[in-house]
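Here the structure comes first, spelled out in structure tokens, and everything after it is commentary.
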Amino acid sequence: MPDSCCPFCGLVCDDIRVATDATGARAESPACARAVRLFPVPARGTARIAGQAAEPAAAYRAAAALLKRAQRPLIGGLACDVTGHRAALALAERTGGVVDHMNGAAQFRNWLAYQDGGWMTTTLSEVRNRADLIVLAGTDTCRFPRFFERCLAQESQFGELRRRLVVLGSGLSPEAAHSVSPDLAIPLQNARLGELCGALRARLAGRRLAADSVAGVPMDQVDALLEMLRAARYGVLVWNAAELTFPHADLAIQAMVDLVKDLNQTTRWSGLPLGGNDGDTSAAQVCTWQAGYPLRTAFEASGPHYQPLLFDTARLLETREVDALLWIAALDPERVPPAVACPRIVLGRPDMVFADPPDVFIPVAVPGVHHAGFMHRMDGVVALPLQGHTPTELPSVAQALAAIQQEMNHVAT
Ligand code: SF4
């Protein structure tokens, strides 16, 4: 059984053993519980129009008709592989639609900081092979179940590494605490991470702070932490924007990014923004190389129009600035579309269950289970190949979107 890549979180682990039989695919050791849950998926599904079973051709026609009527559709969700993302952008271009990912709120906390002043980040391989100090800032990485196993192994390409681990935030979950034990843990509210990083930058620059504590952290502990940061030969500051759910979290990320830059004056430091779940890194990469802009871009007659704040999915739906939603969720059946006032078309896993059925549901194949494809890892440096393990008659996202576009051509003539 050859090793395969797993598409179900941003680590895209490439050492998964997938067994198949008449019932479908099964992820075996060393897969995590998430992969074990998501690899089994039915080979068949039923298209539905207004909750009633329909032929796939009728569902494509119904979806095409809804998109033809829309002035500005939102092509959202975008949980699929690279080929699906390319097809989604083609449809957005055709319909004058806006594109945003289901994880857009988290993604754009990072992009706002990145666009403002750039950042210095590293790769998972560098973390595994070189990092001697890891600082987890406001995350215990539990949304990436094998992070510690894959990235913090003692052995590296260059021999054994003596790593140190610092945890800033509410601490490790029981599962994470089972895998690692921190050398230093500083309890802190995530919303105050920016404050602590600002103080560390000031102390690093040799400034005196007239305070006994910063963000609830006593000043002697701030200084002890700073000494650890300065002593690292290759430090990595890890955060997960999805867990920084407070107003203006992009500013906290900015402070972390700036701290990394400052530390690089005397030693080597990098950031590692965790992400990539639900294909979000792939979606961002594809949009940038196709359109020259990140997601949250509208494809207008005059060309792509990028608006990172205005073209947020939640805002667009709440203000009714879009009049149709096409939601793509080919990876996790729990990522159902939001309830909205406008018509909804869903391209989803065949095992997706709706409390409130969409206007059109088209079951699609799962990349990395039913068909081959590519997906970018969270660090964005490699697009890993996904294998198809079990046959299906379900269309891929790209095929379903092409069929909808074809129906739109038909309606147009
Ligand atoms: S950690 Fe992520 S990529 Fe690795 S097996 Fe689990 S879900 Fe798949």
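Just a few scattered comments:
- Identity of the residue in the stretch 146-205, in contact (Cβ under 8 Å) with a residue 60 or more places away in the chain and in contact with a Gly (Cβ under 7 Å, 6 or more places away or on another chain), that ends up surrounded by the most Cβ atoms within 10 Å (Cβ to Cβ): 193
- Annotation note: of 17, 86, the sole residue that is surrounded by 14 or more Cβ atoms within 10 Å (Cβ to Cβ) and either touching a residue at least 60 places away in the same chain (Cβ under 8 Å) or among the small types (Gly, Ala, Ser) (or both) is 86.
- Boolean, residue 26 is of a type in the set (Lys, Arg) and part of a strand (DSSP E or B): yes
- Residue match in the stretch 22-33 (condition: over 23 Å from residue 376 (Cβ atoms), more than 16 Å from the ligand (Cβ to nearest atom) and in the same structural domain as residue 365 (by TED's automatic domain parsing)): no
- Residue match in the stretch 281-296 (condition: of a type in the set (Phe, Trp, Tyr) and surrounded by fewer than 24 Cβ atoms within 10 Å (Cβ to Cβ)): yes
- Boolean, residue 242 is closer than 14 Å to residue 111 by Cβ, buried (at least 22 other Cβ atoms within 10 Å of the Cβ) and under 19 Å from the mean Cα position of the chain (by Cα): no
- Within the set 195, 175, the sole residue that is within 16 Å of the ligand (Cβ to nearest atom) and part of a helix (DSSP H, G or I) turns out to be 175.
- Strands (runs of 3 or more DSSP E) wholly inside the stretch 286-402 that include at least 2 residues being free of Cβ contacts under 8 Å to residues at least 60 places away in the same chain: 303-306, 344-348
- Criterion (in contact with a strand residue (DSSP E or B) (Cβ under 6 Å, 6 or more places away or on another chain), farther than 20 Å from residue 283 by Cα and surrounded by 15 or more Cβ atoms within 10 Å (Cβ to Cβ)) met by exactly one of 325, 394, 331: 394
- No other residue among 189, 221 is under 27 Å from residue 111 (Cα atoms) and polar (S, T, N, Q) apart from 189.
- Unmet criterion (only one of (1) within 16 Å of the ligand (Cβ to nearest atom); (2) out of contact with any strand residue (DSSP E or B) (no Cβ under 6 Å at 6 or more places or on another chain); (3) hydrophobic (A, V, I, L, M, F, W, C)) for residue 43: (1)
- Qualifying residue in the stretch 66-79 (condition: within 16 Å of the ligand (Cβ to nearest atom) and either in the same structural domain as residue 358 (by TED's automatic domain parsing) or farther than 26 Å from residue 276 by Cα (or both)): yes
The values are calculated or read from the model by the stated rules, or taken from the named source; none is laboratory data. From a predicted model like this one, the values you see are computed outputs, not experimental measurements. Using ideal geometry, Cβ is built from the backbone for each residue, glycine included, and neighbour counts are taken over all protein chains shown.
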